[in-house]
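A single structure is presented below for examination.
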Amino acid sequence: MRKLFLQKGQLTDRFFLSSEQTHHLVTVYRHNWKDPIQITDSKGASGFYLIKGLIDGRAQVELQVLEPIDSTGGQEHRLELVLVQSYLKADKFEWILQKACELDVAAIYGVATKNCVAVYKDKKLAAKEARWQRILVEASQQCGREKLPHLETTFSFTDAL
């Protein structure tokens, strides 16, 4: 079963997926419209939806079953893992983010260290952080996580510890 995360907003009975999510679901995954999709919002509510149609490149989905918010966190563990990782050159940091999602890490702190080769200024770091957030969403959807891991890039190494 496919799983999607809504970055903004809450689940309702009917709504439209973003064009990016629709493309990924319909074109990349070749999702069968008869099969339900599990969608989780930013507050942790989750529901099973069916695609009812495509309008202007966006899929309209309709609620089939809404799961109650579980105060224990559903399948999430009570123990929270936190990763403090220095920036790496090339795409190695992105690979670390993917594997951290698969290992159920709750929070990831990207930090610049003294001997770090990859150094990001404010503008470049903001662009990188947006890309890293997309990677976390995609990796979380792929491995079926209940919650997205938290990514923080504004702390120094000592503050993160």
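Read-outs: derived from the displayed coordinates by stated rules, not from any lab. The structure displayed is predicted, hence computed values, not measured ones. So basically every Cβ, Gly included, is an ideal-geometry build from the backbone, and we count neighbours across all protein chains shown.
Please return the longest stretch of the chain lacking exposed loop sites, where trypsin sites (Lys or Arg not before Pro) count only if DSSP places them in a loop and at most 11 other Cβ atoms lie within 10 Å.
After excluding every exposed loop site, the longest remaining stretch is 122-161.
Just to check I understand the Karplus step: with θ = phi - 60° and J = 6.51 cos²θ - 1.76 cosθ + 1.60, what whole-Hz values come out for the stretch 134-142, glycine and proline as x?
Result, rounded to whole Hz: 4, 5, 5, 4, 5, 5, 5, 5, 5.
Looking at the chain, which longest stretch skips every one of the chymotrypsin sites (Phe, Trp or Tyr not before Pro) that is in a DSSP loop with at most 16 other Cβ atoms within 10 Å, leaving the sites themselves out? List each step's numbers first, then the result.
Values: sites that count: Tyr29, Trp33, Tyr120, Phe155.
Longest site-free region, per DSSP loop and neighbour criteria: 34-119.
Could you check which residue among Gly57, Gly44, Gly110 shows the biggest mean-square fluctuation in a GNM of the chain with a 10 Å Cα cutoff?
Gly57
With point charges of +1 on the Cβ of Lys and Arg and -1 on the Cβ of Asp and Glu, referenced to the Cα centre of the stretch 23-138, which listed residue (Leu103, Val28, Val84) lies farthest in the positive direction of the dipole?
Val84
Label point 7 Å out from Phe48 along Cα-to-Cβ: which residues of the stretch 6-31 have amide N under 19 Å?
From the stretch 6-31, the list is 6, 11-15, 31.
List the residues whose amide H sits under 5 Å from the amide H of Arg2, counting only those 5 or more places along or on another chain, with H placed 1.01 Å from N in the peptide plane.
Amide H to amide H, under 5 Å and 5 or more residues apart or across chains, Arg2 pairs with Gln38.
In terms of the Cα gyration tensor, with a ≥ b ≥ c the square roots of its eigenvalues, is the stretch 100-158 rounded because a/c is under 1.5, prolate because a/b exceeds b/c, or oblate?
Working: a/c = 2.60, a/b = 1.77, b/c = 1.46.
Prolate shape, in that a/c is at least 1.5 and a/b is the bigger ratio.
Explain nothing, just compute: Karplus ³J(HN,Hα) = 6.51 cos²θ - 1.76 cosθ + 1.60, θ = phi - 60°, for every residue of the stretch 114-120 in order, whole Hz, x for Gly and Pro.
Karplus values, whole Hz, x for Gly and Pro: 4, 9, 6, 6, 7, 10, 10.
Let me ask another. Could you give the length gained on full extension between Ala107 and Phe155, defined as 0.36 nm per residue of separation minus the Cα-Cα distance, in nm?
Details: separation 48, 0.36 × 48 = 17.28 nm, distance 1.28 nm.
Separation in residues times 0.36 nm, less the Cα-Cα distance, equals 16.0 nm.
Which value, in debye to the nearest 20, describes the size of the charge dipole of the chain about its Cα centre when Lys and Arg Cβ atoms bear +1, Asp and Glu Cβ atoms bear -1, and nothing else is charged? It would help to have the intermediate numbers written out before the result.
Details: 22 positive and 20 negative charges, 113 e Å.
Once rounded to the nearest 20, the dipole reads 540 debye.
For Arg58, what charge total do you get from the other residues with a beta carbon under 12 Å from its beta carbon, if Lys and Arg give +1 and Asp and Glu give -1? List each step's numbers first, then the result.
Details: positive: Lys52; negative: Glu20, Asp56.
So the environment of Arg58 carries a net charge of -1.
So if each residue of separation counts as 0.36 nm, and I subtract the Cα-Cα distance between Trp33 and Cys116, what length gain in nm does that give? Please report the intermediate quantities before stating the final value.
On the way: separation 83, 0.36 × 83 = 29.88 nm, distance 4.69 nm.
Full extension from Trp33 to Cys116 adds 25.2 nm.
Report Rg (one decimal) and Dmax (nearest whole number) for the chain, counting Cα atoms only, units Å.
17.4, 53
Another question about this same structure. Only four residue types carry charge here, +1 at the Cβ of Lys and Arg and -1 at the Cβ of Asp and Glu. Report the dipole size of the stretch 1-52 about the Cα centre in Debye, rounded to the nearest 20. Please report the intermediate quantities before stating the final value.
Numbers: 8 positive and 4 negative charges, 14 e Å.
In debye, rounded to 20, the stretch 1-52 gives about 60.
Counting helices only, and only those DSSP H runs with n ≥ 4, report the 222 nm mean residue ellipticity of the chain as the sum of -39,500 (n - 2.57) divided by its residues, in deg cm²/dmol to the nearest 500.
On the way: 4 runs with 42 residues, N = 161.
Helix contribution divided over all residues of the chain: -8000 deg cm²/dmol.
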